[in-house]
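The values are calculated or read from the model by the stated rules, or taken from the named source; none is laboratory data. Values in this document were obtained by computation on a predicted structure and should not be read as measured data. Cβ: placed from backbone, ideal geometry, glycine included. Neighbour counts: every protein chain shown. To get the accessible areas, we keep the full protein, side chains included, count just its heavy atoms, and leave off ligands, DNA and RNA. Shrake-Rupley method; radii C 1.70, N 1.55, O 1.52, S 1.80 Å.
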Amino acid sequence: MHRSASSRRPLSALVTAFVLACSGLGFVVAASPASAAVDLTLTAQVSASSITLGESVTDTVTLTAPAGGAKPTGNAGFAVYGPDNVDCTVPIPLGVKAIDANSDTVTSDAFTPTVAGTYRFVASYHGDSAYNSAMGACDAPNQTVVVTEAGSGTKADITLTSQVSDAAIALGESVTDTATLTPPSGGAKPTGNYGFAVYGPDDATCTTAIPLGGGIVDATSDTVTSAAFTPTAVGTYRFVASYHGDDTYNSVIADCNAPNESVVVTEAGEPGTDVTLTSQVSSASITLGESVTDTVTLTPPAGGAKPTGDAGFAVYGPDDAECTTPIPVGVVPIDPNSDTVTSPAFTPTAVGTYRFIASYHGDDTYSTVIAECNAPNETVVVTDEEPGIVDPDPGIVDPDPGVVDPDPEVVDPDPDRNVDGDGDGDGDGDEDGDEHGDDDGDDGDLPDTGSTVSPLFLMTGLALIGAGLAISWQNRPRRIS
């Protein structure tokens with residue numbers, strides 16, 4: 001069949017229409033680049049890994065030229081696919097942005113979903129005279145956003161708490177975030193998805209997210225843990241965890257600067273410039289309701305300068321013998337007038353054994369140091385209640401409850417004793433016991449003094465007196481006739 005010339009369209013017109021259509025989607029069809037053009041690296045990330053209906057999200061692309069290469073120029077384009085368009089077949093164009101000559105990043109316009117589900121972003125670079133065009137892949141890392149319905153009266157709220165694995169690390173080390181999902185009393189276990197993001201360094205208002213990915217809530221656990229994050233710059237990083245909700249519970253996103261969700265990242269010290277870190281808790285055992293602190297002492301090498309910077313503290317327990325799940329206690333600046341740093345007070349909420357770990361975050365002179373799990377003097381046993389004081393021998397009676405006069409009245413212990421010396425005890429001093437009391441014993445009674453006088457002692461005394469009188473008689477002076 002022969003077509004008339006009027007029914008055929010020029011090839012150039014078809015190409016033009018194709019280019020315009022692609023441009024409307026945020027992409028360009030570039031002519032074959034000159035042989036001098038080279039490839040650059042394109043990376044992109046969304047501002048949040050999960051949002052609720054009514055909230056918005058953006059996509060930011062970073063263009064990295066090869067070493068020594070010129071700064072890219074031209075435009076970047078953005079598109080989003082969803083909800084739940086897993087093969088990225090139907091784009092929603094987000095527009096084209098000119099590359100700022102003073103920045104390596106380009107951010108899309110805000111996108112506000114109207115339907116819940118999973119959305120996938122794709123960024124593209126349109127090329128210039130120096131660099132080839134580039135396009136991100138479908139399902140590229142950090143390019144997925146889960147959109148959930150805002151809470152309604154038909155669903156219940158769930159409690160989300162989270163904490164990072166360490167309150168302070170050095171460059172080159174990694175950290176994770178763990179969220180705990182607690183349903184209301186009697187409520188079913190939550191299902192669905194969760195997500196994590198980190199902001200920093202020093203993004204105090206959590207404006208630019210670094211998505212850490214997410215996953216499906218484990219049916220056998222109430223906790224979910226993020227992928228490991230390894231910072232590339234020093235500063236303070238803030239983590240934010242989110243739960244995307246299910247048929248029973250509303251979605252929830254933690255606050256920026258939530259407790260236990262900040263990590264201080266410091267430079268690693270030079271080799272051979274370590275300080276010695278020792279620490280001890282304020283008490284080895286306490287009861288529920290009482291508090292305990294941890295004190296670290298930093299000792300520089302001989303002749304070394306005083307350490308500066310911060311010290312961090314974490315506690316593990318109850319009964320976390322391997323120190324796997326930290327409870328951050330806080331970061332405390334080092335006092336320039338002291339070699340010790342004391343943590344904020346920690347008040348346990350359950351009995352068991354708690355293990356403290358102190359860390360020094362380093363400075364320009366000294367390396368970061370972290371104490372070991374189960375270090376000496378770093379364990380606290382928490383009991384339910386203080387044992388009462390028990391009398392070890394309730395049968396012991398005070399031997400002297402009151403001072404009593406042992407002899408209120410002198411009593412003759414033997415009123416029948418013989419005190420007249422004649423042996424018959426009749427008091428007449430007469431050995432023959434006659435009734436007349438003649439000169440050999442008359443009136444020989446001794447006064448009763450209340451004391452017992454030994455007869456042998458009395459007779460010995462009388463004998464000595466008699467002997468003395470006899471000697472005196474013999475030595476008397478005589479008259480010579």
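Go through Thr325, Thr299, Thr295, Thr340 for me and flag whichever is hydroxyl-bearing (Ser, Thr, Tyr) and farther than 19 Å from Thr278 by Cβ.
From the options Thr325, Thr299, Thr295, Thr340, the qualifying one is Thr325.
Considering only residues that are modelled with pLDDT of 90 or more and either closer than 14 Å to Gly200 by Cβ or open to solvent by 40 Å² or more (accessible area, probe 1.4 Å) (or both), which ones fall in region 167-176?
Step one: filter region 167-176 for residues modelled with pLDDT of 90 or more, giving 173-176.
Once the filter is applied, which keeps residues that are modelled with pLDDT of 90 or more and either closer than 14 Å to Gly200 by Cβ or open to solvent by 40 Å² or more (accessible area, probe 1.4 Å) (or both), region 167-176 yields Glu173, Ser174, Val175.
Could you list all residues from region 333-388 that are of a type in the set (D, E, K, R) and out of contact with any Leu (no Cβ under 8 Å at 6 or more places or on another chain)?
Keep residues of region 333-388 that are of a type in the set (D, E, K, R), which gives 335, 339, 355, 363-364, 372, 378, 384-386.
Matches in region 333-388: Asp335, Arg355, Asp363, Asp364, Glu372, Glu378, Glu386.
Do we have any residue at all in region 403-412 that's in contact with a Gly (Cβ under 7 Å, 6 or more places away or on another chain), assigned to a loop (DSSP other than H, G, I, E, B), modelled with pLDDT under 95 and loosely packed, with under 11 Cβ neighbours inside 10 Å?
Yes: one or more hits.
Out of the residues in region 323-343 that are over 14 Å from the mean Cα position of the chain (by Cα) and not hydroxyl-bearing (Ser, Thr, Tyr), state the one that is farthest from Asn260 (Cα to Cα).
As a first pass, look at region 323-343 and keep what is over 14 Å from the mean Cα position of the chain (by Cα): 333-341.
Narrowing the set further to residues that are not hydroxyl-bearing (Ser, Thr, Tyr) leaves 333-337, 339, 341.
Details: Pro333: 17, Ile334: 20, Asp335: 23, Pro336: 26, Asn337: 28, Asp339: 26, Val341: 20 Å.
Looking at the filtered set, the residue picked out is Asn337.
Please go through region 114-135 and pick out each residue that is under 24 Å from Asp84 (Cα atoms) and polar (S, T, N, Q).
Once the filter is applied, which keeps residues that are under 24 Å from Asp84 (Cα atoms) and polar (S, T, N, Q), region 114-135 yields Thr114, Thr118, Ser124.
Check region 246-261 and report whether any residue there is aliphatic (A, V, I, L, M) and at pLDDT 95 or above. Walk me through it before giving the result.
Step one: of region 246-261, the residues aliphatic (A, V, I, L, M) are 252-254, 258.
Next, only the ones that are at pLDDT 95 or above stay: none.
Checked region 246-261: no residue is aliphatic (A, V, I, L, M) and at pLDDT 95 or above.
Can you find a residue that is within 25 Å of Ala170 (Cα to Cα), modelled with pLDDT under 90, touching a strand residue (DSSP E or B) at 6+ places or on another chain (Cβ under 9 Å) and charged (D, E, K, R) anywhere in region 265-282?
The answer is yes; a qualifying residue exists.
Could you tell me how many of the residues in region 323-347 are more than 20 Å from Ala179 (Cα to Cα) and touching a residue at least 40 places away in the same chain (Cβ under 8 Å)?
Of the residues in region 323-347, 10 are more than 20 Å from Ala179 (Cα to Cα) and touching a residue at least 40 places away in the same chain (Cβ under 8 Å).
Could you pull out the residue among Val96, Val86 that is open to solvent by 50 Å² or more (accessible area, probe 1.4 Å), of a type in the set (A, V, I, L, M, F, W, C), touching a residue at least 40 places away in the same chain (Cβ under 8 Å) and part of a strand (DSSP E or B)? Steps first, answer last, please.
On the way: Val86 fails: part of a strand (DSSP E or B).
The conditions single out Val96.
Got a number for residues in region 56-81 being in contact with a strand residue (DSSP E or B) (Cβ under 8 Å, 6 or more places away or on another chain), in contact (Cβ under 8 Å) with a residue 40 or more places away in the chain and assigned to a loop (DSSP other than H, G, I, E, B)? Give the derivation first.
Narrowing region 56-81 to residues in contact with a strand residue (DSSP E or B) (Cβ under 8 Å, 6 or more places away or on another chain): 56-66, 69, 72, 74-81.
Filter once more, so that each one left must be in contact (Cβ under 8 Å) with a residue 40 or more places away in the chain: 56-65, 69, 72, 74-81.
Narrowing further to those that are assigned to a loop (DSSP other than H, G, I, E, B): 56, 58, 65, 69, 72, 74.
Residues that pass the stated criteria total 6.
Could you go through region 177-190 and let me know if any residue there is in a loop (DSSP other than H, G, I, E, B) and either crowded, with 20+ Cβ neighbours inside 10 Å or under 25 Å from the mean Cα position of the chain (by Cα) (or both).
Yes, region 177-190 contains a residue that is in a loop (DSSP other than H, G, I, E, B) and either crowded, with 20+ Cβ neighbours inside 10 Å or under 25 Å from the mean Cα position of the chain (by Cα) (or both).
For region 230-245, what are the residues that are open to solvent by 20 Å² or more (accessible area, probe 1.4 Å) and more than 19 Å from the chain's Cα centre (by Cα)?
So the first thing to find is which residues in region 230-245 are open to solvent by 20 Å² or more (accessible area, probe 1.4 Å), and the list is 230, 232-234, 236, 238.
Correct list: Thr230, Thr232, Ala233, Val234.
Quick check on my filter: what residues within region 284-330 are open to solvent by 60 Å² or more (accessible area, probe 1.4 Å) and β-branched (Val, Ile, Thr)?
Thr299, Thr308, Thr324, Thr325
Only one of Pro336, Pro307 is more than 26 Å from Phe239 (Cα to Cα) and out of contact with any strand residue (DSSP E or B) (no Cβ under 6 Å at 6 or more places or on another chain); which? Outline the logic, then answer.
Details: Pro307 fails: out of contact with any strand residue (DSSP E or B) (no Cβ under 6 Å at 6 or more places or on another chain).
Sole residue among the options that is more than 26 Å from Phe239 (Cα to Cα) and out of contact with any strand residue (DSSP E or B) (no Cβ under 6 Å at 6 or more places or on another chain): Pro336.
Go through region 112-154 and count every residue that is open to solvent by 20 Å² or more (accessible area, probe 1.4 Å), outside any loop (DSSP other than H, G, I, E, B) and in contact with an Asp or Glu (Cβ under 8 Å, 6 or more places away or on another chain).
Here the count works out to 3.
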